[in-house]
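What follows is one structure encoded as structure tokens, with my remarks underneath.
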Amino acid sequence: MTNNTKWQVLTALLLLGFAGAFLALWSQQSTSANTGKTAPARGLSSANALAETGVTTVSAADTDAAAAQAAFERAYPVFVSPRCQNCHPSGDAPLQGDDSHVHAQNVKRGTDGHGVYGMRCQTCHQDANLPGANMPPGNPKWGLPPPQMKMVFVGRTSGELCRQLKDPKLNGGRSLAQILTHVAADDLVGWGWNPGDGRTLPPLNRPDFVAAMQEWVNDGAACPN
Amino acid sequence: MISFTVNGKAVSVADPPSTPLLWVIRDSLKLTGTKYGCGMALCGACTVHIDGEAVRSCVAPVSRAEGKKITTIEGISPDLTHPLQQAWIEIDVPQCGYCQSGQIMSAAVLLAENPAPTDTDIDEAMSGNICRCGTYPRIRQAIHRAAEIKARGAK
Ligand code: FES
Ligand code: FES
């Protein structure tokens, strides 16, 4: 399979997955209505409400913590590869290069993640990579996470990063489904696999990375300890 | 044709869209105040403004300028009255001068956004502009001076 076909197949699988989840939920709700049971007014999660109907949405496979942890461990090296972690630094300066050194020229995160004054990302970075080694890479969204949502990858263990990714207070308010869409479809995430001349690629290709993340979510999204 | 304005004047150029804006400014439009230092966004000598934001024209394809307002060092004031120009002359900042149009274009964005910059603000705003002659202390002094001139003028 060419990369392109692989990608199309994965996207289709992902979409099917979403459709399946939606249908499953929808049919649960019909079941609940048919049995005349109403959801409790407060306090119980929808899973508990559904459990009352005698139907459970969560199969044994859905909560296979060991499998989820293993899947996340497979995806983790991508997050901390230079192409991904260089723009998820622990400080307020982006990093550069395969050795993740601090960006030359004293570049700063700024109030919106796009730099300060005449030192904004777009001062040098264009909408696309420029040809040639050591030329500025580019993407329309080129930038760091903003200071109020830093999404640090650098220095995080797999467990720490996993818990951070799952926490809507630390992940930009995303659900697990939104995280999957983000890693599968976001254009700036995709830059990691199209980094321009002279930059190494992440250790997994994108379809394998997305598949690992999908498996992590499907298996209940447990985090490594 | 790619159309934009340079220093308030409408221009259309026939250069291929991927041509660096710097080549268009210097070779097609004959505005040679903007300098070529590295061609890789490393030195800042080629800094111009696109809609008021500093851009390294050596790496910006001219297609990025389409429909935009470009300002070069020639357009920063018609008569050397920009506070930065006054301060630069008063303090006699340049040595060889090669980096200076880029320095002034970066400093202009700083002053537009921050009328009273601290030394730290200056460091953060100006670190992408290299001066081979090492005029950094005078650049810092002149930016502080320009802020004063601008504040006085605003009263
Ligand atoms: S010539 Fe453009 S940054 Fe050096
Ligand atoms: S004055 Fe000579 S390079 Fe700056």
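The values are calculated or read from the model by the stated rules, or taken from the named source; none is laboratory data. Note that the structure is a prediction, hence the values are computed from the model and not measured. All Cβ positions, glycine included, derive from the backbone under ideal geometry; neighbour counts span all protein chains shown. Calculation scope for accessible area: heavy atoms of the full protein, side chains included, ligands and nucleic acids excluded. Shrake-Rupley method; radii C 1.70, N 1.55, O 1.52, S 1.80 Å.
Observations on the model:
- Within the stretch B:35-59, if we keep just the residues that are more than 11 Å from every other protein chain (Cβ to nearest Cβ), more than 20 Å from residue B:112 (Cα to Cα) and of a type outside the set (Phe, Trp, Tyr), the residue that is farthest from the chain's Cα centre (by Cα) turns out to be B:37.
- From the list B:27, B:92, B:15, the lone residue that is within 21 Å of residue A:127 (Cα to Cα) and either surrounded by fewer than 19 Cβ atoms within 10 Å (Cβ to Cβ) or more than 13 Å from chain A (Cβ to nearest Cβ) (or both) is B:15.
- Residue in the stretch A:145-174 that is farthest from residue A:110 (Cα to Cα), counting only those that are exposed (fewer than 14 other Cβ atoms within 10 Å of the Cβ) and in contact with a Gly (Cβ under 9 Å, 6 or more places away or on another chain): A:149
- Given (1) away from ligand 2 (no atom under 16 Å from the Cβ); (2) open to solvent by less than 20 Å² (accessible area, probe 1.4 Å); (3) part of a helix (DSSP H, G or I), number of the condition residue B:106 does not satisfy: (1)
- Qualifying residue in the stretch B:109-130 (condition: open to solvent by less than 40 Å² (accessible area, probe 1.4 Å) and either more than 14 Å from chain A (Cβ to nearest Cβ) or within 19 Å of residue B:5 (Cβ to Cβ) (or both)): yes
Here's the yes/no breakdown for (1) more than 27 Å from residue A:104 (Cα to Cα); (2) among the hydroxyl-bearing types (Ser, Thr, Tyr):
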residue	(1), (2)
B:16	yes, no
B:19	no, yes
B:36	no, yes
B:45	no, no
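- The lone criterion from (1) among the small types (Gly, Ala, Ser); (2) within 29 Å of residue B:86 (Cα to Cα); (3) more than 16 Å from ligand 2 (Cβ to nearest atom) left unmet by residue B:44 is number (3).
- Here the condition is being at pLDDT below 95, under 30 Å from residue B:65 (Cβ atoms) and either within 14 Å of chain B (Cβ to nearest Cβ) or touching a helix residue (DSSP H, G or I) at 6+ places or on another chain (Cβ under 9 Å) (or both); of A:61, A:128, A:133, it holds for A:133 alone.
- Inspection of the stretch A:184-206 finds no residue satisfying the criterion of being assigned to a helix (DSSP H, G or I) and within 17 Å of residue A:68 (Cα to Cα).
- Selection over the stretch B:85-140 of residues that are within 16 Å of ligand 1 (Cβ to nearest atom) and in contact with a strand residue (DSSP E or B) (Cβ under 9 Å, 6 or more places away or on another chain) gives a count of 12.
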